[in-house]
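These notes are about the structure you will find just below.
The values are calculated or read from the model by the stated rules, or taken from the named source; none is laboratory data. Just so you know, these numbers come straight off a predicted model, no measurement behind them. Cβ: placed from backbone, ideal geometry, glycine included. Neighbour counts: every protein chain shown. Only protein heavy atoms, including side chains, enter the accessible area calculation; ligands, DNA and RNA are left aside. Shrake-Rupley method; radii C 1.70, N 1.55, O 1.52, S 1.80 Å.
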Amino acid sequence: MTTAPAQAGWRFRQPSVIPGFGLTLGFSLAYLTLIILIPLSGLLWRSAALGWPEFWAIATDRRTINALKISFGTAFVAAAVNVVFGTLVAWVLVRYRFPGRRIVDAMVDLPFALPTAVAGIALTTLYAPNGWIGKLLMPLGIKVAYTPLGIVIALIFIGLPFVVRTVQPIMEEIDKEVEEAAATLGANRFQIITRILFPGLAPAIVTGFALAFARGVGEYGSVIFIAGNLPYKSEIAPLLIVIRLEEYNYPAATAIAAIMLALSFIMLLVVNLVQTWSRKRYG
């Protein structure tokens, strides 16, 4: 009579609202294979058919290297900026109550709903040399549109919700009384942020950075209008792939796509390792 609970604790299949572990696992693997693995395998197979000398020539082409630098560099800068200001926006939405708070909260999700081409046209209109904001910056010697700076601004716009929506739920779980208790024990604001808030928010911040960075690397619609698409200056890698496709140079397009895939995988792997380390360190 005493062995029943012990045996129940070792059951492999636990009660679940989703029917059948085998059925759900099989469906998940089949779905991932059809949607992700087969297209990526086709890309790698097509790239491998080029041969190493031709692939290396495309990979080391000066135009390809510049496009990859611009795509990954601007995505990294935009994600880093969003980590700072996205966390501040989440803090304001969680910790303060003010008129219009729900409107501000809804506006955070606007880049999700807005077509990227519309966002690109709107940003270009604002930051062009004759735009509302651009004409104010031109006398200061700051040119935004048709430069890498314009690409960064576009990627900040489309990446902000990823950081805010990742950090916000975790921040809501942190008791405000914990901060007040730390303050009563003599901790200053910097100590409260670094020793009380940051350890709990670190995994969410890293996740938000990874999501914003990944979205920025592959972004196309909101960038091509404000970038100017000047080779060696403001041309992004996704646009270069489209150009090669329009030239019917499919080997070059697949080679650039494979390079982007490899670099994205490496950088996301590094981010995931940092995220795992932060979870182990901070809990």
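Mind counting the residues in the stretch 241-283 that are of a type in the set (S, T, N, Q) and over 19 Å from the mean Cα position of the chain (by Cα)?
2
Has the stretch 3-10 got at least one residue that is of a type outside the set (A, V, I, L, M), in a helix (DSSP H, G or I), open to solvent by less than 90 Å² (accessible area, probe 1.4 Å) and at pLDDT 75 or above?
Within the stretch 3-10, not a single residue is of a type outside the set (A, V, I, L, M), in a helix (DSSP H, G or I), open to solvent by less than 90 Å² (accessible area, probe 1.4 Å) and at pLDDT 75 or above.
Test residue 97 against the stated conditions and say whether it is out of contact with any strand residue (DSSP E or B) (no Cβ under 6 Å at 6 or more places or on another chain) and either open to solvent by 70 Å² or more (accessible area, probe 1.4 Å) or aromatic (Phe, Trp, Tyr) (or both).
So residue 97 passes the test.
Among 42, 86, 73, which is open to solvent by less than 40 Å² (accessible area, probe 1.4 Å), at pLDDT below 90 and either small (Gly, Ala, Ser) or part of a helix (DSSP H, G or I) (or both)?
42
Evaluate the following for residue 150: is it at positive phi and either at pLDDT 90 or above or loosely packed, with under 11 Cβ neighbours inside 10 Å (or both)?
no
Checking residue 106 against (1) in a helix (DSSP H, G or I); (2) touching a helix residue (DSSP H, G or I) at 6+ places or on another chain (Cβ under 8 Å); (3) among the small types (Gly, Ala, Ser): exactly one of these is not met. Which one?
(2)
For the stretch 23-30, state whether one or more residues are touching a Leu at 6+ places or on another chain (Cβ under 8 Å) and among the β-branched types (Val, Ile, Thr).
Scanning the stretch 23-30, I find no residue that is touching a Leu at 6+ places or on another chain (Cβ under 8 Å) and among the β-branched types (Val, Ile, Thr), so the answer is no.
Which of the helices (runs of 4 or more DSSP H) found entirely inside the stretch 193-258 contain at least 2 residues meeting this: basic (Lys, Arg)?
Hits in the stretch 193-258: none.
Tell me which residues, restricted to the stretch 219-243, are open to solvent by 10 Å² or more (accessible area, probe 1.4 Å) and over 19 Å from residue 119 (Cβ atoms).
230, 231, 232, 233, 241, 243
Just for the stretch 175-186: of the residues that are touching a helix residue (DSSP H, G or I) at 6+ places or on another chain (Cβ under 8 Å) and open to solvent by 30 Å² or more (accessible area, probe 1.4 Å), which one is modelled with the lowest pLDDT?
That would be 176.
Quick one: is residue 156 among the aliphatic types (A, V, I, L, M), closer than 15 Å to residue 81 by Cα and open to solvent by 40 Å² or more (accessible area, probe 1.4 Å)?
Yes; evaluated as a whole, the condition is true for this residue.
How many residues does the stretch 111-143 contain that are free of Cβ contacts under 8 Å to residues at least 40 places away in the same chain and surrounded by 12 or more Cβ atoms within 10 Å (Cβ to Cβ)?
Final tally of qualifying residues: 15.
If you take the residues of the stretch 245-279 that are free of Cβ contacts under 8 Å to residues at least 60 places away in the same chain and in contact with a helix residue (DSSP H, G or I) (Cβ under 7 Å, 6 or more places away or on another chain), which of them is surrounded by the most Cβ atoms within 10 Å (Cβ to Cβ)?
The selected residue is 253.
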